[in-house]
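Participant: One structure follows; several queries about it will come next.
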Amino acid sequence: MNGDADPCREGFLSSLRDEFLVSRDDARGMIADFHEEMRRGLAGRPSSLSMLPTFAGRPRGTERGRSLFLDLGGTNVRVGQAALDGQGRVELAAVERTVLPRTIMSASATELFDFLAGCVDRFLLERGLDDRRPHDLAFAFSFPLEQSSLLSGRLVNWTKGFTVPGVTGEDVVALLRAALARRGREGIRIAALANDAVGTLAAGSYADPACDLGVILGTGTNACYYERTERIERCRGDVAVGEMIVNVEWGNFDRLRANPWDELLDRSTHNAGRQRLEKMISGMYLGELARLVIVKAAAAGLLLRGANHAAVATPHALTAERLAVAVRSADPAGAVGIEGAAPADGAVVAWICRLVAVRAARLAGAAIAAVISWRDANLERGHVVAIDGSLFERFPGFRENMREMLRELFGPRAAGIEFRRVRDGSGMGAAVVAVVGPRTGGGAGAC
Ligand code: GLC
């Protein structure tokens, strides 16, 4: 970056470049560590990857049926109705999206679950489904779950800024059922509980049997894949039947080279020390990382002298959406709300935004490479990766940078890995999980 000839600024920018670099060797080291953590997690030993059994099997693509779904993500709640046609297609009859009020993230458990039940209630009323007939409802819950069956799961811990007390360790299906009952909706049968990554994989593989990895790149980030049940050592007893989706919870991977900005960001969060990979990749944190760098550079007099940067002065003032605008804007500083910046400073702002986002995409690419190579070390088959989330969908250059990382790691064989966007994957996929039902029988309660 040669914004101008200021040697202090050049020095600052050059250390930034090193701090955010993910070289091919870094990625290779990360993959080896990832595999070790996966192995430990599957064995039930301490690991930053919890490798959670989900009791969801691989759809055949021929299942037919319909289900309502309720999808609690990090930013939105979606309620919808999905129909599986028995030929690999899922039709979404209707989807209603409600932005989650920020206050709900720290409200009481009753308030949170009443809010969710209210969204379901409204959907049924507005869609004329209010006939009090029994309905199946699939619950997509985008947080780590310790499941003992497809129909129940305890929250392991909150992530993505949620702090609602009284939910950790509790069965979220029981909490939802109670809230629906408070609304007089006892007739709704909760037919499946699935994490969003799990839903995305189920939806992807209902449509295409080559799909074997589900990834979320949105407010948070995570992945899941099909594991042979005999390798899930943490499950004891009669579960050695075929395959089961394992929720990696890769956002918590922590064998990473954290730079000073990562440390600063981590210290400011509710869950310091946790979700370290998520804090480098996902939409909830990218803007804040860039903001921390910009503010520090400005305070050191290296950037934005004479400009008004009050708009980025407060924590979380810069969102990933703004970053996405800035990286392709003719006025990047203006795009993030900074007024009166010199054009050269604007170019540096855009460069910082890109730097943070490119690292995120490369880390996501390396993590995908790790999970694929866990099951197929030499890339002997093709792989379809089902992906949902705003970063993947909308952040300029994100998927290209992920691809580039795969090419650096696998050479021409990377062409055998296809990214496939699965829109509304988590809710629609939870409905798929509900219709498909448990595949790995006999194991309820065994993990
Ligand atoms: C967080 C959650 C995880 C979820 C992901 C994407 O990492 O812990 O369960 O899948 O966000 O929403």
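The values are calculated or read from the model by the stated rules, or taken from the named source; none is laboratory data. Keep in mind that what you see is a predicted model, and the values were worked out from it rather than measured. Glycine gets a Cβ as well: all are built from the backbone with ideal geometry, and neighbour counts include every protein chain shown.
Participant: Are there any pairs with C-beta distances below 6 angstrom linking a residue in region 179-195 that is over 17 Å from residue 433 (Cα atoms) to a residue that is not β-branched (Val, Ile, Thr), with the two at least 6 apart or on different chains, and if so which?
Facilitator: Pairs found: 179/113; 179/114; 179/117; 180/117; 183/117; 183/121; 187/132; 187/134.
Participant: How about region 191-224: which of its residues are over 16 Å from residue 426 (Cβ atoms) and assigned to a strand (DSSP E or B)?
Facilitator: Passing the criteria: only 212.
Participant: Here is a follow-up. Which condition number does residue 71 fail, the rest of (1) within 16 Å of the ligand (Cβ to nearest atom); (2) assigned to a loop (DSSP other than H, G, I, E, B) being met?
Facilitator: The number of the failed condition is (2).
Participant: Next question, about the same structure. Please go through (1) touching a Cys at 6+ places or on another chain (Cβ under 8 Å); (2) more than 25 Å from residue 287 (Cβ to Cβ); (3) assigned to a helix (DSSP H, G or I) for residue 323 and return the number of the only condition it doesn't satisfy.
Facilitator: Only one criterion in (1) touching a Cys at 6+ places or on another chain (Cβ under 8 Å); (2) more than 25 Å from residue 287 (Cβ to Cβ); (3) assigned to a helix (DSSP H, G or I) is unmet by residue 323, namely (2).
Participant: Within region 197-213, does at least one residue satisfy the condition of being on the phi > 0 side of the Ramachandran plot and surrounded by fewer than 22 Cβ atoms within 10 Å (Cβ to Cβ)?
Facilitator: For region 197-213, residues on the phi > 0 side of the Ramachandran plot and surrounded by fewer than 22 Cβ atoms within 10 Å (Cβ to Cβ): absent.
Participant: Of all residues being modelled with pLDDT under 95 and closer than 16 Å to residue 201 by Cα in region 228-256, which is surrounded by the most Cβ atoms within 10 Å (Cβ to Cβ)? Just the residue, please.
Facilitator: 244
Participant: Okay, next question. Please specify each residue of region 257-271 satisfying the condition of being assigned to a helix (DSSP H, G or I) and buried (at least 17 other Cβ atoms within 10 Å of the Cβ).
Facilitator: 261, 262, 265, 266, listed by residue number.
Participant: Can you say whether residue 218 is near the ligand (Cβ under 9 Å from one of its atoms) and touching a residue at least 40 places away in the same chain (Cβ under 8 Å), as far as the supplied structure shows?
Facilitator: Answer is yes for this residue.
Participant: Tell me which residues, restricted to region 133-153, are more than 13 Å from the ligand (Cβ to nearest atom) and either touching an Asp or Glu at 6+ places or on another chain (Cβ under 7 Å) or not in a strand (DSSP E or B) (or both).
Facilitator: 133, 134, 150, 151, 152
Participant: So residue 234 passes all but one of these: (1) within 30 Å of residue 45 (Cβ to Cβ); (2) within 16 Å of the ligand (Cβ to nearest atom). Which condition number does it fail?
Facilitator: (2)
Participant: A further question follows. Out of curiosity, is residue 328 assigned to a loop (DSSP other than H, G, I, E, B) and either β-branched (Val, Ile, Thr) or under 30 Å from residue 32 (Cβ atoms) (or both)?
Facilitator: no
Participant: Based on what the data block shows, is residue 414 surrounded by fewer than 24 Cβ atoms within 10 Å (Cβ to Cβ) and away from the ligand (no atom under 15 Å from the Cβ)?
Facilitator: Criteria met by residue 414.
Participant: If you check 49, 116, which single one turns out to be under 22 Å from the mean Cα position of the chain (by Cα) and under 19 Å from residue 430 (Cβ atoms)?
Facilitator: 116
Participant: Is it the case that region 323-343 has a residue that's free of Cβ contacts under 8 Å to residues at least 40 places away in the same chain and charged (D, E, K, R)?
Facilitator: yes
Participant: Still on this structure, I have one more. Would you confirm, using the coordinates I've provided, whether residue 27 is touching a Ser or Thr at 6+ places or on another chain (Cβ under 8 Å) and of a type in the set (Gly, Ala, Ser)?
Facilitator: Against the criterion (touching a Ser or Thr at 6+ places or on another chain (Cβ under 8 Å) and of a type in the set (Gly, Ala, Ser)), residue 27 does not qualify.
Participant: Can you report the number of residues in region 75-132 which are outside any helix (DSSP H, G or I) and on the phi < 0 side of the Ramachandran plot?
Facilitator: Summing the residues that are outside any helix (DSSP H, G or I) and on the phi < 0 side of the Ramachandran plot in region 75-132 gives 31.
Participant: Another question about this same structure. Scan region 199-212 and give yes if some residue there is within 10 Å of the ligand (Cβ to nearest atom), touching a helix residue (DSSP H, G or I) at 6+ places or on another chain (Cβ under 7 Å) and not hydroxyl-bearing (Ser, Thr, Tyr), otherwise no.
Facilitator: Yes, the conditions are met somewhere in region 199-212.
Participant: Picking from 303, 286, which residue would you name as being in a helix (DSSP H, G or I), under 19 Å from residue 351 (Cβ atoms) and touching a residue at least 24 places away in the same chain (Cβ under 8 Å)?
Facilitator: 286
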